[in-house]
Every structure is written in structure tokens, then in C-alpha cells.
Amino acid sequence: MKTIRTRMGDGSLVEITESNLRREFEEGTQDAAERGKIPALTQDELDHLFDIYSSPSRPVGVEMGNEVIFTYDSTCGEVQRTLTPIDRTQSLQLFERMLGADTVELGHNDYSFKAVKPVISYERNVLEQALLITTVPVLYGAMPNLGLYYRPEGPVQNPSELMATGKIKEAREAHEEAIEYAVKDMVYVASELYESGVDAIDFDTTGSAGDPDFLAALRAVEILKEKYPDLCVEMGMSGEFVLGMHGELTYKDIRLAGLYPHQQVQLAEKAGVAIFGPVVNTNTSKTCAWNVARVVTFLKFCVEQSNIPVHANMGMGVGGLPVTPFVPIDAVSRASQAVVEITRLDGL
Amino acid sequence: MGVGDILGMAATHAIASGMGGMRTAGDLVARMQMSRGMRIKEAKEYVASKLNVSLIELSDPLVMSERREDLKLGLINPPPDSVKGIEAKFHIAELLGIEINSLRRFKEKIGA
């Protein structure tokens, strides 16, 4: 019986039969359909996934004409992690001139709005210089990262400690207080960057601290769009559904806890977001085939429900890619082709 | 995109499904998504019509490098006396009929 070489969600190689590969796709799409209460993939789409994942080639790719554009979560960080001693501005040029980047993104090492605030003058200078010597759009990325506003790092009482002592009301009030601080910081930092000429602000890893984190970002975007109507905002999420750390927060009368990508994008659009970046997490104990079927199911419905461009998060541990810092080329190229050709999204 | 080593992530995605940035017309399509909220199909059609190329040619580095040089839109390996950096953005804004924030600021700074 013919076997196909594929990978698990942790990146390890496995060989499975053709019939098992088909079953992985079917079970993956069913899992997404049940969790998100959304349509499963059609038989044609499952067959297309099978064609992509049964290819013996190491890299695969989309048909000519199906290419999409890319936005990144900090093109500087990827270079800095290699300890190559080059400046952040040079990192942007490297991506623009050597890696075919459609856009580049400047970001601080800490990559959080709160951390950027005290060094915003320095960040503005780097950005202004970068905008003079690059041609592609330059985004500035940072995370709402509400966790930094809780003690001991921040000024607000820690909700987790309050919850542990049964103080649920006080915990919720702490979340709400943190939201106010975070909104002020995000609006301040983004405003400064707009004045320096930035092409877009990327609110990355939104929702990492749950529903208060998502609400803070939505409110900040709303204020920014009122202040600067032509400002482009990209919002990238941190997980496939919004964690209910508070549990009762709403935006435009919609409860935030538990929202999936197709519901998140509608609120992002109402707030004024121009590009939405949905996330679907990788399950390491399942195959990449199972994971990608799940990803494509969530993203396809998200793209259908959206009126704004959708750029899927396709990095390590999300988008059907394995959880490893050295992601294999076969796994990346297969997920890339599958997501682009089946969901018809606007970018990665 | 997302986190990962540069060859495994950014380079692999670029080869598998990317337009190619300034090698082709990727940055121009990106600008239409960012400034007008166009979806990928509409943005590609808009840019192709402005460049007078087909949708396939939009991602072809041979065709696009010639068009970019003719229209002064910037090249990844620019020859002497060609536009570079922000200079190319002036021609891009004019071609696409869009405002670019850094150009607005640049004009203010030089008093233009």
C-alpha cells in the first residue's frame, strides 16, 4: 500500500497511508465545523488538499496568478534572533531587497505598546530614517499585551490573584482598569508613529490576555480612526478564539469571550481595522494534514464573512505549521498553498 | 505571516505563494489593500490596469522590472541615476492615485 510522508504538529516526520491522509483531512475539517458552527470543506476542497499533501516534492506552490501579498509581525525580530549584527533599518532593507517582501515591519525588541511608550522618540527617529530609504510600505508592530499592566509589572491589581481568593468582582474591575491604561498607551504610541509618516500600525497578537486585551485594541483602533481617518490598521490575533478572562465584556453589544475568527473579523471591521489577521492554532499531537484542514475550514468562512482584506497568521505553531523554531520547508509550502488556494484570502 | 527562521518561513512562503514585493508588483498591490481596503482580486486588477499589464504579468519579475524602471517605481537593484527609497514613492503615489503618509510628511519638511 502506498504511503505518504507528512509531519506531526510538533514537526516530526511520519508516514501514513493514502486512506489515512484522506481521513485526517475529513476529521480536521469536522473538528473546525463543530467548534465554530461553520460549514465543513466540500469534497472538491478535500481532494485539493489531498493533491497538495500527497505531492512527493519537497516544496510546493500556488498556480501562477494565485499569488498573494505579505505583511509580517516584525521583520526586525527575525534577523535579530540570528544574532547577525545589523541595524533594524538594515533588516527592513534586507526583507525589501532580498526576500521579496511586499511590506516590512519595524518593531521594538519587547514588541509591546507599553514598552515602546518610554522610548517612542527613539522609535520615531528609526522609523523616519527607514521611510526615507525604503520604497515598500513600512508598518510598525506591537502587542496590546494587557498582561504588562497587572502587578508586579504594572499598576493594576493582578486579576489572577484576586480570582484565586474568590474576588471575582474585583478581578473584573482590575481587567477594566487595565483596559483604560492600555488604550491610552496604544493611542499615544500609534499617534506619534502616524506623525512620523508610518504606513500602517499592526496590533499584533491581539487577545493574548483574553477578552480585555481584544476590547482594549478595538477601542484604541476606534479612537485612532476618528483622529486619523486615513490611518491603516492591521489587527493580528493571538489565538483562534477569544479567551474569557473577564467573561462579560462586550463590543457593539457582542460578547467577546469565545468568538471565533469569522466573528472576530466583523468586530474588527466595525472598529475601523483595514486588514485582519486570523489565527488558528496547531495541535501538536495531530498531523499537519489534520491541522491544515481545520485551518482552511476556519479561514475560508472568515474570508467569506469579511469585507476587509484578510491576512492569515502563518507562522510557527499556527496556520497548520508545526510548533518548532525551524519549520520544515515541506510543511510551510504545503500550508501556504492550501490556505491561499482554498480560502481565497488576501494575504499572509 | 508569522514567527520562524527566515529561510524556513519568510523565504519559503515567498516562493510558495508570494507576489515578490519590488521584484514584481507586490508592494503596489499591498498599497491598494492598505489605502483603499481593496481585496486581493480588486487590488490586482486595479494595479494591472494602471501598469497596463495582465494579471499574470503582475507577478512576473521580467515584465515588472521593465515597467518599474520605465515608470520610476523603484527596483531592488537600482542602476545609477535611478529613483531610490522615498523618491520612488512619489511616482507610486501618482500612478496609483493614493496618498502616502511619509510623502505628506516629507513635503512638509522640505516646504514643498
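The values are calculated or read from the model by the stated rules, or taken from the named source; none is laboratory data. As the structure is a computational prediction, the values presented were derived from the model and not from experiment. Every residue, glycine among them, receives a Cβ derived from its backbone with ideal geometry; neighbour counts consider all protein chains shown.
For residue A:204, indicate whether it is surrounded by 24 or more Cβ atoms within 10 Å (Cβ to Cβ) and either over 24 Å from the mean Cα position of the chain (by Cα) or within 23 Å of residue A:279 (Cα to Cα) (or both).
Criteria met by residue A:204.
Does residue A:247 qualify as being surrounded by fewer than 24 Cβ atoms within 10 Å (Cβ to Cβ), out of contact with any strand residue (DSSP E or B) (no Cβ under 8 Å at 6 or more places or on another chain) and closer than 17 Å to residue A:146 by Cβ?
Yes, satisfied.
May I ask you to verify whether residue A:73 is surrounded by 13 or more Cβ atoms within 10 Å (Cβ to Cβ), within 14 Å of chain B (Cβ to nearest Cβ) and not in a helix (DSSP H, G or I)?
Criteria met by residue A:73.
Tell me the helices (runs of 4 or more DSSP H) entirely within region A:230-348 that contain at least 2 residues that are more than 11 Å from chain B (Cβ to nearest Cβ) and more than 26 Å from residue B:6 (Cβ to Cβ).
Where helices (runs of 4 or more DSSP H) fall fully within region A:230-348 and carry at least 2 residues being more than 11 Å from chain B (Cβ to nearest Cβ) and more than 26 Å from residue B:6 (Cβ to Cβ), they are A:261-271, A:288-305.
Have a look at B:35, B:65 and point out the one that is touching a residue at least 24 places away in the same chain (Cβ under 8 Å), farther than 26 Å from residue A:318 by Cα and at the interface with chain A (Cβ under 8 Å from one of its Cβ atoms).
Every option except B:35 fails the conditions.
Output yes when any residue across region A:215-222 is under 14 Å from the mean Cα position of the chain (by Cα), in a helix (DSSP H, G or I), more than 13 Å from chain B (Cβ to nearest Cβ) and on the phi < 0 side of the Ramachandran plot, and no when none is.
yes
Any idea which residue in region A:86-111 is nearest to the other protein chains (Cβ to nearest Cβ), counting only those that are within 24 Å of residue B:25 (Cα to Cα) and of a type in the set (Val, Ile, Thr)?
Once the filter is applied, the top-ranked residue is A:103.
Taking the condition at the interface with chain A (Cβ under 9 Å from one of its Cβ atoms), under 26 Å from residue A:230 (Cα atoms), in a loop (DSSP other than H, G, I, E, B) and at pLDDT 95 or above, does residue B:84 pass?
Yes: the conditions hold for residue B:84.
For region A:175-208: of the residues being assigned to a helix (DSSP H, G or I) and at the interface with chain B (Cβ under 10 Å from one of its Cβ atoms), which is farthest from residue A:314 (Cα to Cα)?
Among residues in region A:175-208 that are assigned to a helix (DSSP H, G or I) and at the interface with chain B (Cβ under 10 Å from one of its Cβ atoms), the one farthest from residue A:314 (Cα to Cα) is A:195.
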